[in-house]
1. For the stretch 134-290, which semi-axes, largest first and in whole Å, follow from the square roots of 5 times the eigenvalues of its Cα gyration tensor?
2. Could you let me know the centre-to-centre spacing of the stretch 161-237 and the stretch 251-279, using Cα atoms, in angstrom?
3. Would you please calculate the Kirkwood hydrodynamic radius of the stretch 171-259 over all C-alpha pairs and express it in Å, rounded to one decimal?
4. Can you compute the charge dipole magnitude of the stretch 91-148 about its Cα centre, using +1 on each Lys and Arg Cβ and -1 on each Asp and Glu Cβ, nothing else charged? Give it in debye, rounded to the nearest 20.
5. Which order do His150, His82, His112 take by accessible area at a 1.4 Å probe, largest first?
6. Scan the stretch 80-141 for chymotrypsin sites (Phe, Trp or Tyr not before Pro) in coil per DSSP, keeping those whose Cβ has at most 11 other Cβ atoms within 10 Å, and list them by number.
7. Given +1 on the Cβ of Lys and Arg, -1 on the Cβ of Asp and Glu, and no further charges, what dipole in debye does the stretch 143-290 carry about its Cα centre, rounded to the nearest 20?
8. From largest accessible area down, sort Leu220, Leu140; use a 1.4 Å probe on the protein chains.
Amino acid sequence: DEFRFPGQRLVVGVEASPPLKMFRVPGNLNSSALRSFKATIASRLTCRLFSTAPRLLASERDGVDEIDDPDFFDMVLSKYKHAVSLVEERLIDRLRTDSPYLFKTDKERSAHVSGVMKIVRPCNHMLYVSFPLTRDNGELEVIEGYRAQHSQHRRPCKGGIRYAENVTASEVSALAALMTYKCAIVDVPFGGAKAGIKINPANYSVNELEKITRRFAMELAKKRFLGPGVDVPAPDMGTGEREMSWIADTYAMTYGQGDINSHACVTGKPISQGGIHGRVSATGKVCWVQ
């Protein structure tokens, strides 16, 4: 199809597979024309829009505030950039007091603070996995999942595992970053992490969910994305005590064999398997001390 905007022509290719149609939008299309295009298409049919402009690496996203359609991680980086601008001078002042001999000039202090802020900004590691699942009816299906480790400045990495159809690498990266910041603010000694599997748990039997969870745990453990003192998941949206017990059992029987602390590879376990009282309600009560 063809659409005309002031001063330019946009040719839209359709990869037809009703009811979903995919439209490729040139990356150099200005924001005004893009909004007009979206409005025109939305009035005709349900579609998904995506740009041919490449996504920038976290280290390259200095102009993130100018992105027309930012993803979740872009939004987190934008807020992070604003937060840095608010605290940078105070951090430099602290270096004058705490380390007067380590950095002799304000230029050195400013360079050090700026460097640390750049280190904290990106997501350090992102693991993408896909594996087959044999469903109860004999059909084969490919399951996709992610685990992001935002920072290892303090160990272990800590963050939940969610089961949701709309999970993306950007989402888990953003949530991992937020976990790092939350732990740092209250001085909890964890780095931030987050995981997600692209499924709707309501569409799978208990047997299928157990297969998915145990296989995902194995994939994480093989790459050192699971283990006490290394990376410790927790329940999140679509998961709970049951899934955590499957993960702990899988790790204890394989990579954690012989480790007395193997069940510490996850939190949120059932009380009977090493969990603690008050964990479920702790989020609503802000914190739980035992």
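The values are calculated or read from the model by the stated rules, or taken from the named source; none is laboratory data. Everything quoted here is computed from the prediction, not taken from an experiment. Positions of Cβ are backbone-derived with ideal geometry, glycine not excepted, and every protein chain shown enters the neighbour counts. The accessibility values were calculated without ligands, DNA or RNA, using every heavy atom of the protein model including side chains. Shrake-Rupley method; radii C 1.70, N 1.55, O 1.52, S 1.80 Å.
1. 24, 18, 16
2. 16 Å
3. 14.1 Å
4. 600 debye
5. Largest to smallest exposure gives the sequence His82, His112, His150.
6. Qualifying residues, ordered by number: Tyr101.
7. The calculated dipole for the stretch 143-290 is roughly 280 debye.
8. Order by accessible area, largest first: Leu140, Leu220.
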